[in-house]
1. Could you give me the ³J(HN,Hα) list for the stretch 119-124, computed from phi with Karplus coefficients 6.51, -1.76, 1.60 and θ = phi - 60°, whole Hz, x at Gly and Pro?
2. Among ALA164, ALA339, ALA235, which one shows the biggest mean-square fluctuation in a GNM of the chain, springs joining Cα atoms closer than 10 Å?
3. How would the stretch 16-73 be classified by its alpha-carbon gyration tensor: rounded, prolate or oblate, with rounded meaning a/c under 1.5 and the a/b versus b/c comparison settling the rest?
4. Around PHE131, which amide H atoms from residues at least 5 apart in sequence, or from another chain, sit under 5 Å from its own amide H, with H modelled in the peptide plane?
5. Starting from the amide H of TYR219, placed 1.01 Å from N in the peptide plane, find each other amide H under 5 Å away whose residue is 5 or more places distant or on another chain.
6. Percent relative contact order of the stretch 16-140, based on C-alpha pairs within less than 8 angstrom and at least six residues apart?
7. Below 21 Å, Cα to Cα, which lysines can LYS126 reach? Residues fewer than 8 away in the same chain don't count.
8. Using helices alone, what [θ] at 222 nm do you get for the chain, with -39,500 (n - 2.57) per DSSP H run of 4 or more residues, divided over all residues and rounded to the nearest 500?
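Just so it is clear, none of the values below were taken in a lab; they were calculated from the coordinates. What you see is a predicted model; the values in this text were computed from it and never measured.
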Amino acid sequence: MRTYLVTGGAGFIGSNYIHYMFRKYKDTIRIINVDALTYAGNLENLRAVEKRDNYTFVKADITDKEAITKLFQENEIDRVVHFAAESHVDRSILNPEVFVKTNVLGTAVILNCAKAAWELSDGTFKEDKKFLHVSTDEVYGSLEEEGSFFYETTPYDPHSPYSASKAASDFLVKSYIDTYHFPANITNCSNNYGPYQFPEKLIPLIINNALCGKKLPVYGDGKNVRDWLYVEDHAKAIDLVQEKGRLGETYNIGGHNEKQNIEIVHIILDTLQEMLPEEDPRRKLVSKDLIAYVEDRKGHDRRYAIAPDKIKAEIGWEPETMFDEGIRKTIAWFFENEAWMKNVTSGDYQKYYEDMYRGR
Ligand code: NAD
Ligand code: DAU
């Protein structure tokens, strides 16, 4: 039975990936999820799998070399899927250091432990061992013109402390590939949305605020563009890249779904109005009057757009979920999981929200 070490599996994409993998492979794989449970890690995301015999959760920090070494010594790991990271751009602007620690040092530790466990005495690697580093399109910087896209060959040009730390982690993985022929792939993906996304990110923040009748903060002129991908499509792409991708290669993953932020806000408001039952008191709260243009994000990248041509040509992956369908599924999930939202927005979230949006 193949054993996966998933880092950051209690976060948004990691938990969706774990659900996807158990749906696909059922009892034929084993998953070990290592996560430090920062503010973004939530074991509630994994309630449905936690009792499985082929699932184990280990609370550890990926920068803790001893803990990670022990994991590799005690388990014959076949696949590493590395999600763990500090992931929110606004937080990186407020506090860059933890981004360097987790995203750069943490990736170095995971890489080094995998190399130590998998390397043979002649410098080659044990058969069928694979490492996948989950990265972002933000490493490519910002696009201005319509019709231009990020390709795997686009030079790196990160702007935020978050994207700079992810770029550094990508280069570390590339250096292992080039120096040791380490069996790895990198994926650079566009903005994800879907169930379990923490409401510091645009889509769940707007859904939650609209349902509470709170103002909807739109940075700058609201015309920044992101390329949205439904998270399950991303999970599928990661699995396909790891199984079918050429080792050493980078694959860009995108949604073919560019939208301005203000369009996203309008779509969410319209969809909420459509989906809320007539008698639901929240119908009265959801209103375009809540939209508030606020001070822009510092260094705000204007536009991201991926051309997922390589992954389509080599692996046959394409985004499957159209935005209309994906946003309805996402909103339906938030309707069905009100308690999840209440839990994650109590406590520390309130303080973050007040600090982040004070004066905005
Ligand atoms: P997230 O913030 O929701 O989850 C991150 C997880 O990593 C959390 O469970 C957290 O507890 C864990 N973690 C953080 N620091 C850790 C540490 N030092 N040791 C162990 N665990 C730690 O992030 P996400 O949105 O699910 O993103 C996952 C990965 O995908 C990240 O690497 C991110 O850069 C990348 N990515 C995200 C998006 C997106 O739109 N969200 C798009 C492209 C790429
Ligand atoms: O492109 C991939 C990246 O997408 C990932 O690597 C990051 O981990 C992920 O957080 C995401 O980064 P963004 O900065 O694009 O996502 P965010 O949801 O924070 O913001 C999306 C857009 O919405 C961005 O242009 C900023 C804007 N925004 C965001 C928030 C939170 C607002 O206008 N108002 C807000 O309150």
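1. 7, 8, 4, 8, x, 8
2. ALA339
3. Verdict is oblate for the stretch 16-73.
4. The answer is VAL80, ALA184, ASN185.
5. Placed amide hydrogens put VAL294 under 5 Å from TYR219.
6. Contact order relative to length: 25 percent.
7. LYS70, LYS115, LYS174, LYS244
8. It lands at -12000 deg cm²/dmol.
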